[in-house]
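The next block holds one structure in the form of structure tokens; read it before the comments.
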Amino acid sequence: MEIYLRPAVIGVMIFVVFNALIIASAILVLAERKIMGFMQQRYGPYLVGPHGVLQPIADILKLLFKEELRPKGADKWLFTLAPILSIVTAFVAFAAVPFGAETTLFGLLDEPIKLGVADVNVAVLVVFAVTSMGVYGIVLAGWASNSKYSLFGGLRASAQMISYELAYATSLAAVIMLAGTLSLREVVDSQAGTWFGFIPRWYLFLQPIGFIIYVIAGVAETNRAPFDFPEAEQELVAGYNTEYSSVRFALFPQAEYINMVTMSAVATDLYLGGWHGPFLPAAYGWIWFLLKVGFILFVYIWMRWTVPRYRYDQLMQFGWKWLFPASVLNLIVTAALVLYLNA
Amino acid sequence: MPETFVFYAFSAMAIIASTLVIGQRNPMYSVLLLIASFGALSALYIQLDAPFVAVAQIIIYAGAIMVLFLFVVMLLNAPREDAAEWDRSHPLQHPNIGRFGALLAALLVVQLAWALAKVSELETPVGARADGASVGSVLEMGRILFTRHTFAFEATSVLILVAMVGAVVLARREGSNQ
């Protein structure tokens, strides 16, 4: 397999992606607070650095020097394991996401490399599988803390993830049918070019309903508002991470931000044509990729500070009675059209 | 040979985790060890050049079914099982049950030995095929599933539907009209 080849390239790629994700989560923390401030007509963090841009670093330093606490009744092993599991699955999921076309880095390399850590031929499923493992971090944190609020957070997380994973996977399947491949790179490349010379051949235009379902289910999968039931601070103190402090606590929000980035990157690859875009030469395709991911992340934050949280029974009703049937209908119609047009 | 080393590492992990599943007193740990064992199995599938099966294993078992297991264990708040509290009159404690279990285990060993003897007779390894398509290829798998095994496939889906309807009927409380 190709995975065993060129370990140096893979190593550099892992280093770059790992650090990019860490920096992205820091930028997101700042962006979240700045955009929230803007939407609520105030400044947001303003004191650390010019316009408060160094605030994330101050936050991390503060958390590093906090005392690490563990409740007496907590399960020693699982309490430690839970945040590690969260952050590891968040990082690993991005390994299968491609973010740029083949490039020689402006002639720096002899043969072109593919921008992305691992080029797997079932990449769509790998990302889905790894993100679906992320729920264990939250559930275990809830159970191991031995606190009623944490336990409720964990229970909610598992029920919510199971419910919304269905709609999420079904909307993915419709795109896979159109592209005829499970490789994210091939899905992106099948979206190159334009219709009538000006409409980009993005699956967004073929799958508008699928895209909306994907984004909604993606918000629920990453536990963001308006689906942030596992945390729900007005009801559950802080939900699954109530008993956590210091670095262990910091890992949970960081995992959440990295999951957001992964979710947006996959949405970009599947629906928004990945690194294909007008004006820029192919070697700069990753700039398009970053812009599109950035836009989806902005929508994420925008949504959080605009839409209030649902009620728990509404969450379940919406997931099972509306979102899932809609995604199945979308899948059936797509399948019928693909069959009809290919025949 | 790194592949051989990886194979033995994950095999050992699968066996140890599976053994510990039944050795745990805490049901929560059993569930987690089962997930670890599924993960090790999925790594073995990748080595057999069947990435689709490996990923399906993770998505279906580790990602969906075990989350439900965990949910149930947490919801019922299942307590630790302590040897002292184990009821001697429990039907599983009957000596005949033990003998039956031993018989089943012996049968399993015979079956495994037979299957392994069969495998060594095959000329090509499982993953490598003359036409280059691996067994794990999604296209190939879908084609076989909907041609040669159509009946088994459809029968399984009906079976699952029946089980689901059954679960809903059983879960509905008597006398409630909602």
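The values are calculated or read from the model by the stated rules, or taken from the named source; none is laboratory data. Because the structure is predicted, anything quoted here is derived from the model rather than measured. Note: ideal-geometry Cβ built from the backbone for every residue, glycine included; neighbour counts use all protein chains shown.
Structure notes:
- If the condition is being more than 10 Å from every other protein chain (Cβ to nearest Cβ), surrounded by fewer than 24 Cβ atoms within 10 Å (Cβ to Cβ) and in a helix (DSSP H, G or I), then the range A:120-151 contributes A:K148, A:Y149.
- Some residue of the range A:279-297 being within 17 Å of the chain's Cα centre (by Cα), under 21 Å from A:P98 (Cβ atoms) and among the β-branched types (V, I, T): yes
- Among the numbered conditions (1) at pLDDT below 85; (2) of a type outside the set (D, E, K, R); (3) farther than 30 Å from A:G73 by Cα, the only one that A:A173 does not meet is (1).
- Complete set of residues in the range A:225-259 that are of a type outside the set (F, W, Y) and either in contact with a Phe, Trp or Tyr (Cβ under 6 Å, 6 or more places away or on another chain) or within 18 Å of A:K76 (Cβ to Cβ) (or both): A:P226, A:P230, A:L236, A:V237, A:N241, A:T242, A:E243, A:S245, A:S246, A:V247, A:R248, A:L251
- Whichever residue in the range A:176-212 is of a type in the set (F, W, Y) and under 25 Å from A:V122 (Cβ atoms) and, among such residues, is nearest to the other protein chains (Cβ to nearest Cβ): A:Y203
- Yes/no for B:L75 being surrounded by fewer than 18 Cβ atoms within 10 Å (Cβ to Cβ), in a helix (DSSP H, G or I) and either within 11 Å of another protein chain (Cβ to nearest Cβ) or at pLDDT below 85 (or both): yes
- Scanning the range A:152-172 for residues that are small (G, A, S) and within 12 Å of another protein chain (Cβ to nearest Cβ) returns A:G153, A:G154, A:A157, A:S158, A:A159, A:S163, A:A169.
- Scanning the range A:70-85 for residues that are part of a loop (DSSP other than H, G, I, E, B) and under 15 Å from A:L251 (Cβ atoms) turns up at least one hit.
- Residue count for the range B:26-72, restricted to those that are more than 15 Å from the chain's Cα centre (by Cα), more than 10 Å from chain A (Cβ to nearest Cβ) and in a helix (DSSP H, G or I): 1
- Test: residue in the range A:225-238 that is buried (at least 24 other Cβ atoms within 10 Å of the Cβ), in a helix (DSSP H, G or I) and either in contact (Cβ under 8 Å) with a residue 12 or more places away in the chain or touching a Ser or Thr at 6+ places or on another chain (Cβ under 7 Å) (or both): no
- Test set (1) of a type outside the set (S, T, N, Q); (2) in contact with a Phe, Trp or Tyr (Cβ under 6 Å, 6 or more places away or on another chain); (3) free of Cβ contacts under 8 Å to residues at least 12 places away in the same chain - A:G52 fails condition number: (3)
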